[in-house]
Amino acid sequence: MFSIMEFLRSLIAIFLLQFGIILLAKFVVLRKKQNQTNKLPNLPHPRPFPFIGNLLQLRTRPLEKLNKWRKEFGPIYSIELGQRHFIVLNNHEVVNDLIVKCGSLYSSRYNFHNTNSILIKSNLIALTPYGDKWKRDRSIAYSALTSRPIKAYYKYIYNDSDILLKDLMMKNGGSIYPLQLIKKFVLSNMLNILFGGQSGQDVDFFNDVMEVMDDISEFSSPKSIIYDIMPALNFVYKPNTDKAERLHKRMEQIFSSKYDRFLRDYAQNNQDNKLPPSFLLQIQDAIAEKENNTIEYHEIWEMLIGLLNGAMETEVNTLMWTLACLAINPGVQEEAFQEIDELCKNKPTFDDEADLPYISAIINESLRYRPPTPFGFAHVSNKDDEYNGCFIPKNTPILLNLFAINHNERRFITPEKFRPSRFLQNYSTGSVKSKSILLPQFDFDSGIEAEMRNKRNSLKGLLKNNSPSLTNSSMPMHMSFGAGRRYCIGQHLAQKQLFLAIAYILWAL
Ligand code: HEM
């Protein structure tokens with residue numbers, strides 16, 4: 001007899017068969033479409049597997065793998081993630097040729113549709129396509145983030161670095177994992193800077209923003225791009241757009257009410273110059289100067305979210321890596337202590353920065369060694385292009401392989417080692433302050449003069465070859481803040497925040 005169970009089983013089998021056929025057909029159609037629009041015929045590339053592309057090869061230690069491919073395939077190659085092609089740029093020269101020199105062509109953004117839907121909706125500067133809106137927003141934000149205006153925020157950086165130090169000291173010896181304290185430092189400092197006053201110390205506001213930031217990073221985490229790189233999966237499961245909607249509403253609630261309060265205070269107190277310094281205060285002039293003053297209310301609070309998002313993970317990661325690198329490199333710590341002890345009886349200040357080059361070198365080396373956004377944000381070209389005989393199709397996402405660029409042995413000797421001294425421009429025997437060498441490339445931190453001399457001699461050969469990558473001083477030493485027209489807008493601010501936090505910690509140890 002034909003039992004109900006057998007009937008159900010056959011029904012399921014028929015359903016699965018149909019489903020499989022539909023999935024396969026959709027996959028073939030998609031693949032065909034993509035191959036037509038997204039061919040990269042000339043670029044060298046690692047061999048992809050069907051359907052998953054190079055994902056399997058990148059499942060463990062992806063940064064090392066992409067760096068290994070740089071050595072194998074050269075400065076520009078392509079990879080396939082799922083069914084999507086990416087172009088990967090791997091040295092300063094190729095980034096300079098495409099992203100910097102052809103800025104009008106390569107400055108748009110590739111938006112991973114599903115994952116970033118919530119973030120795109122929020123008009124984040126980092127994801128806005130190249131064009132008038134991006135230019136306007138960036139120039140408004142930048143007007144309050146260059147070296148001069150950020151001086152107004154120094155008092156917040158002093159205060160929050162103090163709190164960080166006290167928080168760390170409260171632990172009273174023993175071992176600690178400082179992640180939460182560092183997150184607190186970066187977030188409250190950014191809130192103070194953006195809104196002014198003691199905004200970062202307003203506990204409810206701080207907790208709300210922290211929650212929203214955590215949700216945003218979950219939305220943009222690498223695992224969530226799976227639906228973008230394997231569009232076939234969208235027929236099986238759709239990402240949670242309701243959650244995205246709710247998150248956007250929540251962001252609006254939190255940020256617009258704080259922004260409203262600022263606008264009220266601004267209307268009442270601005271003439272008397274009573275308002276505390278803030279990013280919001282500083283951009284008022286830039287907004288007023290814009291022709292027709294077309295910027296809308298929601299675009300301002302969304303801009304603030306974009307800046308917080310840009311600052312949070314990057315700075316937290318950099319501080320965590322810097323502390324970890326200091327912990328496992330006692331020689332570097334010793335050099336740093338010596339430099340600070342010689343100069344600072346009291347806590348270091350921004351006036352001491354020029355006389356503490358080794359501290360700045362530690363931060364730069366940390367950024368080089370472990371760039372917090374190892375691929376930056378994907379760029380995309382507006383038009384088809386050709387580079388050295390290689391076809392670059394319009395709309396192909398372009399990754400700046402920052403980890404590989406920062407670990408290029410033509411530019412950095414022993415790139416896999418944490419060596420802050422490579423960032424010191426000047427060297428003479430004696431105190432750390434006045435070092436003057438032709439290239440900032442050798443192990444000062446080992447403290448062994450003979451080793452330094454050997455390293456210096458070994459550099460001479462390289463210099464005789466006149467390698468442009470070693471002698472071109474117009475390029476930055478590391479590329480962790482990106483390049484071209486979309487380079488990081490918060491670079492100056494980040495460097496100040498990182499400098500003071502690390503200088504305080506080293507001074508206190
Ligand atoms: C250690 C600190 C930081 C690092 C390493 C970093 C790194 C980067 C990188 C690699 C990019 C992409 C550049 C490109 O596309 O070529 C970027 C863009 C951006 N960053 Fe940062 N960032 C840091 C801190 C900050 C801070 C403090 C802010 C806010 C005040 C910020 C706001 C932004 C924004 C808005 C963009 C998008 C720029 C655009 O698309 O025009 N970043 N950042």
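The values are calculated or read from the model by the stated rules, or taken from the named source; none is laboratory data. In this text the structure is predicted, and so the values were computed from the model without any measurement. Reconstructed Cβ throughout: ideal geometry from the backbone, glycine too, with neighbour counts over all protein chains shown. For the accessible areas, the whole protein counts, side chains as well, though only heavy atoms, and no ligand, DNA or RNA atoms are used. Shrake-Rupley method; radii C 1.70, N 1.55, O 1.52, S 1.80 Å.
Between residue 394 and residue 233, what is the label-point separation in nm under the 7 Å Cα-to-beta-carbon projection?
2.9
How many nm is it between the label spots at residue 353 and residue 508, if each spot is 7 Å from the Cα in line with the beta carbon?
Modelled inter-label distance: 2.1 nm.
Quote to one decimal, in nm, the extra length available between residue 142 and residue 261 on full extension: 0.36 nm per residue of separation minus the C-alpha distance between them.
Stretched fully, the residue 142-residue 261 segment lengthens by 40.5 nm.
Roughly how many nanometres apart are two label points built 7 Å out from the Cα toward the Cβ at residue 180 and residue 104?
5.3
Setting aside same-chain residues fewer than 8 positions from residue 274, which aspartates and glutamates have a Cα under 12 Å from its Cα?
Here the aspartates and glutamates satisfying the reach criterion relative to residue 274 are 265.
Any chance you could run the full-extension gain for residue 135 through residue 341? It's 0.36 nm times the residue separation minus the Cα-Cα distance, nm to one decimal.
Taking residue 135 through residue 341 to full extension adds about 69.7 nm, to one decimal.
What aspartates and glutamates sit close enough to residue 155 to cross-link, taking a C-alpha to C-alpha distance under 18 Å and skipping anything fewer than 8 places away on the same chain?
Result set, ordered by chain and number: 202, 351, 352, 353.
Using θ = phi - 60° and the Karplus relation 6.51 cos²θ - 1.76 cosθ + 1.60, list the HN-Hα couplings for the stretch 269-283 in order, rounded to whole Hz, with x at every Gly or Pro.
Couplings: 10, 4, 4, 8, 6, 8, 6, x, x, 6, 4, 4, 5, 5, 7 Hz.
Pop the C-beta distance of residue 417 and residue 271 into the FRET formula with R0 = 60 Å and round what comes out to the nearest 0.05.
The pair residue 417/residue 271 has a calculated efficiency of 0.60.
Using θ = phi - 60° and the Karplus curve 6.51 cos²θ - 1.76 cosθ + 1.60, what whole-Hz ³J(HN,Hα) does each residue of the stretch 341-353 get, with Gly and Pro shown as x?
Per residue, the Karplus-derived 3J(HN,Hα) values read 4, 4, 9, 10, 6, 9, 4, x, 10, 5, 5, 7, 3 Hz.
Go through 71/101; 151/183; 68/496; 101/290; 65/347; 290/496 and tell me which ones have a Cα-Cα distance over 31 Å in this structure.
68/496; 65/347
For residue 146, what accessible surface area do you get with a 1.4 Å probe? Give it in Å², rounded to 10.
40
Around residue 385, which amide H atoms from residues at least 5 apart in sequence, or from another chain, sit under 5 Å from its own amide H, with H modelled in the peptide plane?
Distant-sequence amide H within range of residue 385: 392, 394.
How much accessible area does residue 323 have with a 1.4 Å probe, in Å² rounded to the nearest 10?
Taking all protein chains as shown, residue 323 has close to 40 Å².
Using amide H atoms built 1.01 Å from N in the peptide plane, name the residues 5+ places from residue 130, or on other chains, whose amide H lies under 5 Å from its own.
108, 109
Aspartates and glutamates within cross-link reach of residue 135: Cα-Cα under 20 Å, excluding same-chain residues under 8 positions apart?
285, 289, 291, 296, 299, 302
Round to the nearest 0.05 the FRET efficiency obtained for residue 327 and residue 72 when R0 = 51 Å and r is the Cβ-Cβ distance.
Plugging the Cβ-Cβ distance into 1/(1 + (r/R0)^6) gives 0.90.
Once fully extended, how much extra length lies between residue 298 and residue 211, figured as 0.36 nm per residue of separation less the alpha-carbon to alpha-carbon distance?
29.3 nm
By its C-alpha gyration tensor, with a ≥ b ≥ c as the square roots of the eigenvalues, how is the stretch 304-365 shaped: rounded for a/c under 1.5, else prolate for a/b larger than b/c, else oblate?
oblate
Residues in the stretch 81-97, backbone N under 19 Å from the label point at residue 59 (7 Å along the Cα-to-beta-carbon vector): list them, ranges by number please.
81-84
Express the accessible area of the stretch 304-393 per residue in Å², computed with a 1.4 Å probe while the remaining protein chains stay in the model.
40
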